[in-house]
Amino acid sequence: VNPIYDTNNIFAKIIAGEAPCVKVYEDDLTLAFMDIMPQKDGHVLVVPKEQAVTIYDLSAEAAQACMLTVQKIGKALERAMGVTGSTIFQHNGSSAGQTVGHFHFHVFPGPLLVIKDH
Ligand code: 5GP
């Protein structure tokens, strides 16, 4: 059983144009915008426009569209930030760290943690 989708979640409002975002890409099925509390420079979120809470709720069409947008964004971030490599992840359910109840991929250039030499 899919989790109940709360239509008042903040990403639903962003998709509806009722809340602001720094948009970086949009097509018929997906939207990409800057994360408001970036874990590092170039932290972008990719969401489907359809109502889905977790990856398990996505339609095949939305899953494909999200993946294609993630590919575009990840490659563009690498180019724009002058790095090779990118980090892509997502959370499913609050117990796994999901805080916004609309499916989203996190995408940013390079690694999450910069490993320092000792
Ligand atoms: P989660 O922990 O659910 O995987 O990630 C939610 C992400 O959404 C967090 O990185 C958080 O900073 C971001 N976020 C939460 N509220 C807003 C908002 O109103 N606007 C934007 N652009 N990002 C948000």
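No value in this document is a laboratory result; all are computed from the given coordinates. These numbers were taken from a predicted model, which means no experiment stands behind them. A quick note on method: Cβ atoms are made from the backbone with ideal geometry, for glycine too, and the neighbour counts reach across all protein chains shown.
Details
- Ratio Rg/Rh, restricted to region 49-118 and using Cα atoms, in which Rh is the Kirkwood radius: 1.05
- Across region 16-91, C-alpha contacts under 8 Å between residues 6 or more apart give a mean separation that, scaled by the residue count, equals a relative contact order of 22 percent.
- For the chain, the longest principal axis of the C-alpha atoms and the axis of helix 60-81 are separated by about 30°.
- Under 5 Å, built H, 5+ apart or other chain: amide partners of T30: K49
- Here is the list for region 55-118: trypsin sites (Lys or Arg not before Pro) lying in DSSP coil, each with at most 14 other C-beta atoms within 10 angstrom of its C-beta, are K116.
- For the chain, a Kirkwood radius taken over Cα pairs fed into Stokes-Einstein (10 °C, viscosity 1.306 mPa s) yields D = 108 µm²/s.
- Taking the Cα centre of the chain as origin and assigning +1 to Lys and Arg Cβ atoms and -1 to Asp and Glu Cβ atoms, the resulting dipole is close to 320 debye.
- All aspartates and glutamates inside 19 Å of K49 as judged from Cα atoms, apart from same-chain residues fewer than 8 positions distant: D6, E18, E26, D27, D28, D35, D57, E61
- Cut-off 16 Å (backbone N to label point 7 Å along Cα→Cβ of N92), residues of region 44-75: 48, 52-64, 66-67
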